[in-house]
Amino acid sequence: MENKKPSNLSLSYYAGYFDGEGTVTITTSGLSGKNINNSGWSYHTLVVMIANTNSEILKELKKYYSGSLLCYQRKNKKHRPCYQWRLCGRLAAKFLNDIYPFVRQKSNQVKIGLEFHSGLKSSQGIKYYKLTNEERKRQTILRTKIQQLNRPLLKNGA
């Protein structure tokens, strides 16, 4: 990962690319009632993804922000491979923070993603901690909000 920050011109381009091809979400991982004391555990993670059939910009993003770049081969040989760049946690928050001033269509999702991350103790340097019920509820509310924003609008209000 390069240490220098992309120029504002590049950031505005990345923001437009993200608006058209990307998504920000909050995923849930973990166990449900399957650990040693049978209480279950789960956690939420901020995730940013951008997918496209052209990998050049995605390689550039990976150079600046790290993350993973995957290639999915299509079953239909007439279709080009699809590339997906993915960032999680603090790396996702850094990217979103950098492009936030330039994002237009997905600014609400970015804002929720940044709000989610800023409320995590890990963003304050604490690595492992048990969530309080209030923290878990807050994360679940933000996850639901972002899911609703990410759903495509149904035609005619149906």
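If neighbour count is taken as other Cβ atoms inside 10 Å, put Lys137, Lys78, Lys145 in order from fewest to most.
Lys78, Lys137, Lys145
Calculate, in nm to one decimal, what Leu70 and Arg136 gain on full extension: separation in residues at 0.36 nm each, minus their alpha carbon distance.
20.7 nm
Using the Cβ atoms and a cut-off under 12 Å, what net charge is assigned to the surroundings of Asn150, where Lys and Arg are +1 and Asp and Glu are -1?
Charge balance near Asn150 sits at +4.
Students often get this wrong, so check it: of Lys94/Lys137; Lys75/Lys111; Lys5/Lys111, which have C-alpha atoms separated by over 32 Å?
Violating the 32 Å Cα-Cα cut-off are Lys75/Lys111.
Tell me, what is the FRET efficiency for Ser12 and Cys88 to the nearest 0.05, using R0 = 25 angstrom and their Cβ-Cβ distance as r?
The pair Ser12/Cys88 has a calculated efficiency of 0.55.
All of the numbers you see were taken from the coordinates with simple rules; none came from a lab. The shown structure was predicted, so the numbers you read here are calculated from the model rather than taken from an experiment. Virtual Cβ from ideal backbone geometry, glycine too; neighbours counted across all protein chains shown.
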